[in-house]
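Laboratory data are not the source of any read-out in this text; all were calculated from the coordinates shown. Model, not experiment: these values are computed from the prediction. Here the Cβ positions follow ideal geometry from the backbone for every residue, glycine too, while neighbour counts run over all protein chains shown.
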Amino acid sequence: MANITIEPASAERFADVQHAITGGGDGPSCQCQWWTMPNAEFRSLTRADKEVRFEEELGAPVSPGLIAYVDNVPAGWVRVGPRTLQARIARTRLVTSGSPEPLDDPTVWAVTCFVIRRDHRGIGLAHLLLDAAIEYAQDHGARVIEGYPVDTTEVKRSASELFHGTLAMFEESGFSVASRPSNGRAVMTLSLPVAAT
């Protein structure tokens, strides 16, 4: 049985994050920066530019994501944080037309990206990362957490195209569908209890 642990990412763990996101999909070229800036800016940056921004982001007091380790090997990544720190969210029609929450509310967090290395798929890492992201958001003052997953019963996607997560996975973690503003996608929400102080 594999030993699976999940930890907040940090600048000190940057090499681990790189290992986790480079095992399949667009992780290497994206550097998980797609949600953090407008499209024109994203397209103007090189991979090296994005790596620098990503490492700087990981130095923040509250990490923008979590890393899953399988037997101490970095195997998966999830981005989770306030929507206000993920600039593209406020420019995304799926969210602006489908979310019931004010776009400028810092207590609304979002889970926006999963990357699981090919050699660690099929063991439930994305689901474990989602559950850890919920706990992390709650511990850091989130009131509501949103996700924008793919409904695989409506549209077929390759494993690498499921970086938003799947509707079924979010439902299993307690999220409810707030809206379905486009075919095959949903805005899902989960209200969080106030963390004890």
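Do you know the relative contact order of region 4-191, to the nearest whole percent, from alpha carbon pairs under 8 angstrom that are 6+ apart? Working shown, then result.
Values: 359 pairs, mean separation 40.3, N = 188.
Relative contact order, region 4-191: 21 percent.
Where in the chain are the DSSP H helices whose alpha-carbon span along the long axis reaches 20 Å or more and whose Kyte-Doolittle mean is at least 1.6? All intermediate terms of the calculation are to be shown ahead of the outcome.
On the way: long enough: 125-139 (21 Å, 0.56).
Helices meeting the criterion: none.
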Exercise for review: Could you tally the net charge around residue 58, taking each other residue with its Cβ under 9 Å from the Cβ of residue 58, Lys/Arg +1 and Asp/Glu -1?
Suggested key: -3
Practice item. Compute the signed sum of charges (Lys and Arg +1, Asp and Glu -1) over the other residues within less than 15 Å, Cβ to Cβ, of residue 95. Key: +3
Review point. Going through region 112-197, which GluC sites (Glu not before Pro) have at most 14 other Cβ atoms within 10 Å and a DSSP loop state?
Key: 154
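With the convex hull built on the Cα atoms of the chain, state its orientation-averaged projected area in nm². Before the final figure, lay out each step's value.
Numbers: hull surface 43.7 nm².
Value for the chain: 10.9 nm².
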Practice item. May I ask you to derive the FRET efficiency for residue 155 and residue 104 from their Cβ-Cβ distance with R0 = 35 Å, giving the value to the nearest 0.05? Key: 0.70
Practice item. May I ask for the net charge around residue 107, where only other residues with Cβ less than 10 Å from the Cβ of residue 107 are counted and Lys, Arg are +1 while Asp, Glu are -1? Key: 0
Point to revise | Assigned charges on the beta-carbon of Lys, Arg, Asp, Glu; region 55-189 dipole about Cα centre (debye) | key: 540 debye
Practice item. Give the value in nm², to one decimal: projected area of the alpha carbon convex hull of region 26-76, averaged over all directions. Key: 4.1 nm²
